[in-house]
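Q: Below you'll find the structure I mean.
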Amino acid sequence: MRVENMDNSKMKKRNIKSPAILVLTALIWGFAFVAQSVGMDHVGPFTFNCVRSILGGLVLIPVILVMDRIGHKKGIEDNDQKTAEDSSQKTDKDRATLIKGGVCCGVVLMAASSLQQIGIMTTSVGKAGFLTALYIVLVPVLGLIIGKRCSWRLWISVAMALAGFYLLCIKDGFSIEKGDICLLLSALLFSVHIIVIDYFSPKTDGVKMSCIQFFVCGLVCGVFMLIFEDFNIASVMAAGIPILYAGVLSCGVAYTLQIIGQKNYNITIASLILSLESVFSVLGGWLVLHQTLSIREGIGCVVIFVAVILAQL
């Protein structure tokens, strides 16, 4: 009975802790759209993502060192009885999973964040936030590929999301801006990113995997930066504050919180909470950049948000 009560207590703490972590993640991401928009006044999309991703990885190194030290002391206290050979084999397997997860997450994150950054160049912060939130609807749809069935509510939410997308993005004459297409593709890749995290996070150290994904993302963006953009220290310094916010908070803190919050937590509920970043992006665009949406765009945002919520019921 005592053991059962302890398990219930841990479960309750987890049910409170995970949502709180994910809401904080959504808040940081929502206001990161502002930083990304302002930063693009000085540097190109690949330069911005290269510097902020590497900065995010560097921020996590001391965190990892501290956590490893704490974990090492705990391991000594636990006095593990496994043989050295078994421990070595397990370590090698864990390291391989960690590297594989970090590389996979990093490559997908690079593609998703780069498309998002390019899209933000030609649209408002709030609009970018709601288009990015479409990944919430796409997550269960992509689940069909791996054999997960979808309810009728999901298909209604998909139809509503398409209607909201039309109101938000399609102009007179049935035209659509390039930035909107980039943001839509970005939403698709962010949904893949969530699924990849959901696969690897229970199997390895989330903080270490997050650190690896940022360095992978930064290095790949760096290659594209050297090919397509002119790297300029003065321009990077001019975009210093937005890059620091996006690197330290949006990358180093928020993506790590996402991995920790998602670990052993319902992916559907997690994606619903993370969708609040779209609301926070509109709030940030209004408070900081004084951006507003037209009535038509506002209705589109509402329809998309209702579709996002319906997709999770």
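The values are calculated or read from the model by the stated rules, or taken from the named source; none is laboratory data. Just so it is clear, the model here is predicted, and its values are computed rather than measured. So basically every Cβ, Gly included, is an ideal-geometry build from the backbone, and we count neighbours across all protein chains shown.
Q: List the pairs whose first member sits in segment 91-120 and is more than 24 Å from THR47 (Cβ to Cβ) and in contact (Cβ under 8 Å) with a residue 60 or more places away in the chain, whose second member is not in a helix (DSSP H, G or I) and not aromatic (Phe, Trp, Tyr), and whose Cβ atoms are under 7 Å apart, counting only residues at least 6 apart or on separate chains?
A: Matching pairs, first to second residue: ASP94/THR204; THR97/THR204; LEU98/THR204; LEU98/ASP205; GLY101/THR204.
Q: Sticking with this one: Using beta carbons and a limit of 8 Å, which pairs, at least six apart or on different chains, have the first residue in segment 265-284 and on the phi < 0 side of the Ramachandran plot and the second one assigned to a helix (DSSP H, G or I) and basic (Lys, Arg)?
A: Close Cβ pairs satisfying both conditions: TYR265/ARG14.
Q: Can you tell me which condition SER281 does not meet? The list is (1) small (Gly, Ala, Ser); (2) within 15 Å of ALA128 (Cβ to Cβ); (3) surrounded by fewer than 16 Cβ atoms within 10 Å (Cβ to Cβ), and all the others hold.
A: For SER281, the exception is condition (3).
Q: Is it fair to say LEU144 is under 22 Å from GLY102 (Cα atoms) and in a helix (DSSP H, G or I)?
A: So LEU144 does not fit the description; no.
Q: Name the single residue that is nearest to LEU274 (Cα to Cα) among those in segment 298-309 being modelled with pLDDT of 80 or more and surrounded by fewer than 18 Cβ atoms within 10 Å (Cβ to Cβ).
A: VAL306
Q: Sort out which residues of segment 211-240 are buried (at least 17 other Cβ atoms within 10 Å of the Cβ), within 15 Å of CYS251 (Cα to Cα) and of a type in the set (A, V, I, L, M, F, W, C), and write them in order of number.
A: CYS211, ILE212, PHE214, PHE215, VAL216, CYS217, CYS221
Q: I'd like the full set of residues that are among the basic types (Lys, Arg) and either touching a strand residue (DSSP E or B) at 6+ places or on another chain (Cβ under 9 Å) or farther than 25 Å from LYS208 by Cα (or both), limited to segment 99-129.
A: Once the filter is applied, which keeps residues that are among the basic types (Lys, Arg) and either touching a strand residue (DSSP E or B) at 6+ places or on another chain (Cβ under 9 Å) or farther than 25 Å from LYS208 by Cα (or both), segment 99-129 yields only LYS127.
Q: Out of all the residues in segment 167-183, is one or more in contact with a helix residue (DSSP H, G or I) (Cβ under 7 Å, 6 or more places away or on another chain), under 24 Å from SER275 (Cβ atoms), assigned to a helix (DSSP H, G or I) and modelled with pLDDT of 90 or more?
A: Looking for residues that are in contact with a helix residue (DSSP H, G or I) (Cβ under 7 Å, 6 or more places away or on another chain), under 24 Å from SER275 (Cβ atoms), assigned to a helix (DSSP H, G or I) and modelled with pLDDT of 90 or more, one finds at least one in segment 167-183, hence yes.
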